[in-house]
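Taking it in order: structure first as structure tokens, then the write-up.
What follows draws every value from the coordinates through simple rules; no lab data is involved. Keep in mind that what you see is a predicted model, and the values were worked out from it rather than measured. Counting neighbours? That spans all protein chains shown, and the Cβs are built from the backbone with ideal geometry, glycine included.
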Amino acid sequence: MRLRDLVSKVLAEQGWRVTGCRDGRDLQTVLGADAADLIVLDVMLPGASGLEVCRDLRQSSGVPIIMLTAKGEETDRIVGLEIGADDYLGKPFSSRELVARVRALLRRAAGLPSPDRPLNKPKYRFEGWTLDTLRRELINADGVIIDLTTGEYDLLLAFVEAPQRVLTRDQLLDLSRNRVAAGFDRSIDVQISRVRRKLGAEEGETVIKTVRGAGYMFVPTVTKL
């Protein structure tokens with residue numbers, strides 16, 4: 001059974017409406033006709049690679065994306081996260097793991113609380129920025145909304161909830177509910193690099209400080225509203 005058919009079958013059995021696509025062009029046609037809640041995207045596609053398709057999608061959409069990569073291909077994982085993928089799965093993978101990843105990412109994208117998160121939806125302000133946890137939006141000083149992927153939002157939320165504290169990569173993986181990336185230490189580094197760019201290249205470096213040999217620290221004073 002082809003991977004596309006297998007993934008479609010597994011997800012459809014969980015009650016989700018699934019549309020299989022042969023390549024990036026087919027995907028664009030489907031998205032033009034109907035919105036998607038989540039995309040499972042194989043790196044190995046005919047024509048444009050999954051990485052190219054992911055990059056193109058991120059120009060206009062924040063839809064959650066899970067990349068399927070060859071087992072042990074760290075380069076694909078790094079590039080995938082750099083261009084905006086929210087999660088990855090190494091092939092071969094189990095049906096149960098795929099379903100668990102999809103459920104977790106859909107929950108995060110919808111802003112649904114996990115058992116260790118409170119239900120309140122505050123706003124956080126720092127350095128002229130506002131993180132609205134009800135709308136899951138990052139807003140700059142001019143009132144412009146800055147697009148964040150699900151992974152970027154979760155990471156920034158972890159930082160603003162623990163400002164001026166040194167957080168290790170493991171702590172950030174836990175706090176951002178991104179434990180699915182365990183074993184791939186650079187996933188956090190890549191996501192932090194993306195968040196810094198969203199906050200402005202130089203400003204982002206001063207907002208999220210690298211503490212050599214220890215982890216990262218969110219430097220600004222944060223006001224919770």
Taking the range 48-62, which residues are surrounded by fewer than 18 Cβ atoms within 10 Å (Cβ to Cβ) and under 13 Å from the mean Cα position of the chain (by Cα)?
-> R58, S61, G62
Going through the range 131-159 in order, the residues found to be free of Cβ contacts under 8 Å to residues at least 24 places away in the same chain and of a type in the set (G, A, S) are A141, G143, A158
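Just checking, how many residues over the range 37-62 are of a type outside the set (A, V, I, L, M, F, W, C), touching a strand residue (DSSP E or B) at 6+ places or on another chain (Cβ under 7 Å) and assigned to a helix (DSSP H, G or I)?
Summing the residues that are of a type outside the set (A, V, I, L, M, F, W, C), touching a strand residue (DSSP E or B) at 6+ places or on another chain (Cβ under 7 Å) and assigned to a helix (DSSP H, G or I) in the range 37-62 gives 1.
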Test set (1) of a type outside the set (S, T, Y); (2) in contact (Cβ under 8 Å) with a residue 24 or more places away in the chain; (3) more than 21 Å from T149 (Cβ to Cβ) - E13 fails condition number = (2)
